[in-house]
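The values are calculated or read from the model by the stated rules, or taken from the named source; none is laboratory data. Computed from a prediction, not measured in an experiment: that's the story for all the values here. When the accessible area is computed, the model is the full protein with side chains, heavy atoms only, and any ligands, DNA or RNA have been set aside. Shrake-Rupley method; radii C 1.70, N 1.55, O 1.52, S 1.80 Å.
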Amino acid sequence: MNKLLTATMMALLTISASAQTTDRLSASSVLHYNQKGVETDKDLIEIFRYEAHLEGKRKLSDYPINHEKLVIVKTPTDPPFALTYDAEDTTLVVLKSNDEKLAWDKTKISVTKMKVDAPTYDAIQQLHMLAIYTAVPMDQRTSGRIVDIITPNRDPKALYSPLSIIDLDRVRCHFVWGDPTGDKYAKTHNCESETAKILQRTFIRVCWAVYNNKPDHLNMLDDTIRLLLAQYHKLLLPDVNVDGVTLDKNQR
């Protein structure tokens, strides 16, 4: 009996340990308040969408950017930036803020574009979609450690480079997917598995490649994106139907 109980406990501990991390993003209602009661996540997303829309109309009037689908990257010491898509051409678009803190009527967004082949474009957008449709609500672990953030002397025109060492504990990605059925939101969290961290790092590297016009660095991500697509497709819950989800390739 004791051996059976021991074996059972070991099995439960193994399950518990494996459940501490997850490949899934955290499904979000974007309701997150700081100590001053400001709804920070919603402001971050809505200001980016609004400013991106204005910038798109002003600078890219022939090919308006799709500000309804965004992957926003927020770092503790750099202005936030985002990935979105040119719906009329297979072009990836990076939007970069001019300031660490976004503010209505003050934030300026610069736009960088890079045309890619259709399979690459479609694969990145599909991974974006799957990351959101596989997200689930979750309680995050409390960190328990104090992080001292030291602001480095960086080129203000440079985009946060993921090719250097990244402390992903201090970086947050917000995934936004707007379609006629309603907006969907998900975000990274502090219970991520290694696969989830690779997902986050991959989107940061896509942004870096586009911003710096490095198509060779984007090509290096092909195998990683393919493997992530296979994994996140497996994570779709049985009752989640993505067949009717609109990707840009359906509009070309």
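Whole-percent P(r), segment 165-226, all Cα pairs, 10 Å bins from 0: 18, 43, 34, 5.
From the cross-link list LYS69/LYS214; LYS42/LYS184; LYS96/LYS187; LYS115/LYS234, which pairs have alpha carbons spaced over 24 Å apart? From the list (LYS69/LYS214; LYS42/LYS184; LYS96/LYS187; LYS115/LYS234), the Cα-Cα distance tops 24 Å for LYS115/LYS234.
Given a 1.4 angstrom probe, I'd like the percentage of the accessible area of segment 184-252 that is carbon and sulfur, rounded to a whole number. Carbon and sulfur: 48 percent of the exposed surface of segment 184-252.
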